[in-house]
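This report concerns only the one structure given below.
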Amino acid sequence: MRSDNNSLVSVIVPIYNVEKYLDQCLESISAQTHKNLEIICINDGSTDGSLEIIKKHADRDSRIRVIDKENGGYGVGCNLGIQESHGEWISIVEPDDWIDASMYEDMLAFASSFEEIIDIVKTPWWSVEKWDNPKKQRIKHCKLHKRIKTSTRPFTLDEHTLLIEIHPGIWSAIYRKEFLKENGILFPEYPGAGWADNPFLVETLCQAKAILYLDKPYYYYRADLPKSTLYHKTNEAIARPFDRWIDMTDVMQRIGVTDLGIWQSHYLRGFNYIDGARYDDGETNPVVLKKTLEVFQHMNSEYVLNNPKLNKKRKRRYLQALGIDYTNIPMDGRLAHFAHETVETLRVEGPFIFIKRVWILFHGAKKHPKRKPR
């Protein structure tokens, strides 16, 4: 067996104006039962008290390194952390989240239980909802929990494409640094947060030759607050999910992804982003309409029309947007896929949530107030 138990883990924390949550984040990292850490805090030009908080923690924990720099964005900060790291494993922790004390110990022990050299150890996470109100805060399992079983052998993405269908969740994993180096994997350096985790997700998962999944959540992720994503203030923000999906597509084409299942899951993600933008900024918003067409133009029609993960409504929207006849839409495999997803939902979430989902399906979710498009 390999011995990853004592490996140095480089924990990269890209920080920008998060003074309210930073103590909890850094305390949770310092409290890890796996002690062989270097904690690289990248202060990305914060204008609040974040730098002072980092320095306070560094005075108490010699494993914390402080890098203070001008603002450059999430991707720039993560890349600097990777460049400055000395560990065998890389972890990204976002500064408004926190982690369980046994996260690294358990993940490294799991990796050590296999003979193979492991590239990625992946876990589910806790989704922290309505975190701005302690009385209403809820902590829920993410959609990976119980959908993938704990690994008995290393696998590649084509066996579990669900990993690229839902939230990127790049932080609920550890990455072997040599794997990142061998494949030249870095974060795209977009301004601000920029959704740089999206391309990193496919860069890593699509190229990994040995992934392990441990079905136990350790990472607490503060999810978007209700209505916090409605009506973006700039066209760039409206276009961001579309642009990132296209960037992910470009990455997958560059590295030569050919597996149909991976592409089908990636396309499902694209349609989910489109529906999210239609909900957030309006179905008739000119940026949404323009960018939807742009995404559709980047899709292979065969991957859309023969994709059992896509319902007829979505396929029709695709064909209409491209001016293609939609009188005979192929739906092969859709019924079997729907039945499988129904069984999985019932198994994982229980009958109460299942009935709630069915009710929403037939009655519609509560919609936000209409507003004229910008």
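The values are calculated or read from the model by the stated rules, or taken from the named source; none is laboratory data. This one's a predicted model, so the numbers in the text were calculated from it and none came from an experiment. Cβ coordinates were reconstructed from backbone atoms using ideal geometry, including for glycine residues, and neighbour counts include every protein chain displayed.
Sort out which residues of segment 271-297 are of a type in the set (Lys, Arg) and either more than 22 Å from Ile164 (Cα to Cα) or exposed (fewer than 14 other Cβ atoms within 10 Å of the Cβ) (or both), and write them in order of number.
The one that is of a type in the set (Lys, Arg) and either more than 22 Å from Ile164 (Cα to Cα) or exposed (fewer than 14 other Cβ atoms within 10 Å of the Cβ) (or both): Lys290.
Modelled with pLDDT under 95, within 24 Å of Leu212 (Cα to Cα) and polar (S, T, N, Q), is that true of Asn5?
yes
Just give me the residues in segment 229-262 being buried (at least 21 other Cβ atoms within 10 Å of the Cβ) and of a type in the set (Phe, Trp, Tyr), in sequence order.
Across segment 229-262, the qualifying residues are Phe242, Trp245.
Restricting attention to segment 215-262, which residues are among the hydrophobic types (A, V, I, L, M, F, W, C) and under 13 Å from Asp281 (Cβ atoms)?
Passing the criteria: Leu230, Ala237, Ile238, Ala239, Phe242.
Which of (1) in contact with a strand residue (DSSP E or B) (Cβ under 9 Å, 6 or more places away or on another chain); (2) within 19 Å of Pro124 (Cα to Cα); (3) in a loop (DSSP other than H, G, I, E, B); (4) at pLDDT 95 or above does Ile185 not meet, given it meets every other one?
(2)
With respect to the numbered conditions (1) buried (at least 21 other Cβ atoms within 10 Å of the Cβ); (2) more than 21 Å from the chain's Cα centre (by Cα); (3) not aliphatic (A, V, I, L, M), which one is the sole condition not fulfilled by Ser113?
Ser113 satisfies every listed condition except (1).
One residue is enough: does segment 121-136 have a residue meeting the conditions assigned to a loop (DSSP other than H, G, I, E, B) and modelled with pLDDT of 95 or more?
There is at least one residue in segment 121-136 that is assigned to a loop (DSSP other than H, G, I, E, B) and modelled with pLDDT of 95 or more.
From the list Pro154, Pro188, Pro168, Pro199, pick out the single residue that is touching a Gly at 6+ places or on another chain (Cβ under 8 Å) and either buried (at least 20 other Cβ atoms within 10 Å of the Cβ) or within 18 Å of Ala111 (Cβ to Cβ) (or both).
Checking each option against the conditions leaves just Pro188.
Could you figure out which of (1) farther than 29 Å from Val128 by Cβ; (2) in contact with a strand residue (DSSP E or B) (Cβ under 8 Å, 6 or more places away or on another chain) isn't true of Arg222?
(1)
Restricting attention to segment 320-339, does a residue exist that is modelled with pLDDT of 85 or more, more than 25 Å from the chain's Cα centre (by Cα) and part of a helix (DSSP H, G or I)?
Yes, because at least one residue in segment 320-339 is modelled with pLDDT of 85 or more, more than 25 Å from the chain's Cα centre (by Cα) and part of a helix (DSSP H, G or I).
I want to confirm something. Restricting to segment 302-329 and keeping residues that are surrounded by fewer than 14 Cβ atoms within 10 Å (Cβ to Cβ) and in contact with a helix residue (DSSP H, G or I) (Cβ under 8 Å, 6 or more places away or on another chain), which single residue is farthest from His232 (Cα to Cα)?
Among those that are surrounded by fewer than 14 Cβ atoms within 10 Å (Cβ to Cβ) and in contact with a helix residue (DSSP H, G or I) (Cβ under 8 Å, 6 or more places away or on another chain), it is Asp325.
Here's the yes/no breakdown for (1) without any contact (Cβ under 8 Å) to a residue 60 or more places away in the chain; (2) of a type outside the set (Lys, Arg); (3) within 25 Å of Pro226 (Cα to Cα):
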site: Lys55; (1), (2), (3): yes, no, no
site: Tyr74; (1), (2), (3): no, yes, yes
site: Met103; (1), (2), (3): no, yes, no
site: Ser112; (1), (2), (3): no, yes, no
site: Glu115; (1), (2), (3): no, yes, no
site: Ser127; (1), (2), (3): no, yes, yes
site: Pro134; (1), (2), (3): yes, yes, yes
site: Gln137; (1), (2), (3): yes, yes, yes
